[in-house]
Amino acid sequence: MTRAADLSRARTVDLANVDLDYEGFRALARNPHLSAHEKIGFPDTYREGFEQAILADILAKLPRLASDEALTVVDIGPGCAGLPKMLIELCRERRHRLVLVDSPEMLAMLPDVEGVTVKRDGLFPENRAAVLAAAGGGADAVLCYSVLHYIFQDTNLFDFADALVELMAAGGRTLVGDIPNASKRRRFFASEPGQRFHRDFTGSSEPMPVTFNEPVPGKIDDAVLMGLMMRAQAAGCDAYLVPQGEALPMANRRDDLILARP
């Protein structure tokens, strides 16, 4: 895998062969040759033209964001592309206070809006105390989008779930979105629509081999997601695993997790 030191100066980066952990993303953010989508770990084709649909899906699952009540919102790992800028604008319009949590390199590329944005750098949940303080002791809405699989590489996911529960105010809701689920991916590619998708994407007539009942080290699967749900439920929260909107680019193999504090 490519070292973080190399990522900050490479003119092209094969995102499939780099260490996309916290330090790796810091290095991508420092690289002036990459697009905003590449800096957050996506080829341009995976995100360009989809961000409005992604925001609409987020609002469907965090509906209070669209209300005019002044909320405290926390975005964990927003990155630097168009989606967090759209969220910043929404929060400005709705008078929400938005706490952005990411590396200093990513946060430097997001606008500062007086009375709206508060930035806290560092790796969550290691900086949970600073984030909780910035949220005034509790957030009404928490967003963590396209990030959980990277947090999985950096920290204990139960610590992460515990920190999310602690971060939510009474009545608060968290969306952990765009989670690659190895189990869902298997189920999809074992189906005829999945095999057709594979043929169309690769241009090959060869079927994609799919096996079940085998471990997937280093990957999030059904068992990991069920464990996170049970962890939050045991702490007094409701938890739901929900599908993405069909208009999203990887909805056929990714899931969304909603946590809600009564």
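Every number in this text was worked out from the coordinates using simple rules, so none of it is lab data. Note that this is a predicted model, so its numbers are computed, not measured. Note that we place each Cβ from the backbone using ideal geometry, even for glycine, and neighbour counts take in every protein chain shown.
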Simple Cβ-charge dipole of the chain, Lys/Arg +1 and Asp/Glu -1, about Cα centre, in debye nearest 20: 100
Relative packing of 169-182, 211-224, 55-68, 73-86, which averages over residues the other C-beta atoms within 10 Å, highest first: 73-86, 169-182, 55-68, 211-224
Long-range Cα-Cα pairs in the range 150-262 (distance over 24 Å), rounded percent: 35
Simple Cβ-charge dipole of the range 4-47, Lys/Arg +1 and Asp/Glu -1, about Cα centre, in debye nearest 20: 220
Relative contact order for the chain, counting Cα pairs under 8 Å that sit 6 or more residues apart, in percent: 16
Linear extension gain, TYR46 paired with GLU206, 0.36 nm per residue minus alpha-carbon span: 55.2 nm
Taking the range 51-137 and dividing mean pair separation by its residue count, relative contact order in percent (alpha carbons under 8 Å, at least six apart): 27
The chain: most fluctuating residue of ARG97, ARG187, ARG11 per GNM, C-alpha cutoff 10 Å: ARG11
Test item: Cα-centred dipole of the range 159-235, Lys/Arg +1 and Asp/Glu -1 on Cβ, debye: 220
Rounded FRET efficiency, nearest 0.05, which uses the C-beta distance separating ALA56 from SER191 and R0 of 25 Å: 0.40
Counting DSSP beta bridges with both ends in the chain, the antiparallel % (nearest 5): 40
Estimated vicinal HN-Hα couplings, Hz - the range 104-120 in sequence order (Karplus 6.51, -1.76, 1.60; Gly, Pro = x): x, 5, 5, 4, 5, 8, 9, x, 9, 10, 4, x, 10, 8, 10, 10, 10
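Of the cross-linked pairs LYS119/LYS184; LYS61/LYS119; LYS39/LYS61, which ones have a Cα-Cα span greater than 28 Å in the structure shown?
LYS119/LYS184
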For the chain, calculated [θ]222 nm from helices alone, where every DSSP H run of n ≥ 4 adds -39500 (n - 2.57): -11000 deg cm²/dmol
Selected from SER103, SER205, SER191 as most flexible by GNM, with the chain as the system and alpha-carbon contacts under 10 Å: SER205
Summed side-chain charge close to ASN181 - residues other than ASN181 whose Cβ falls under 14 Å, Lys, Arg +1, Asp, Glu -1: +2
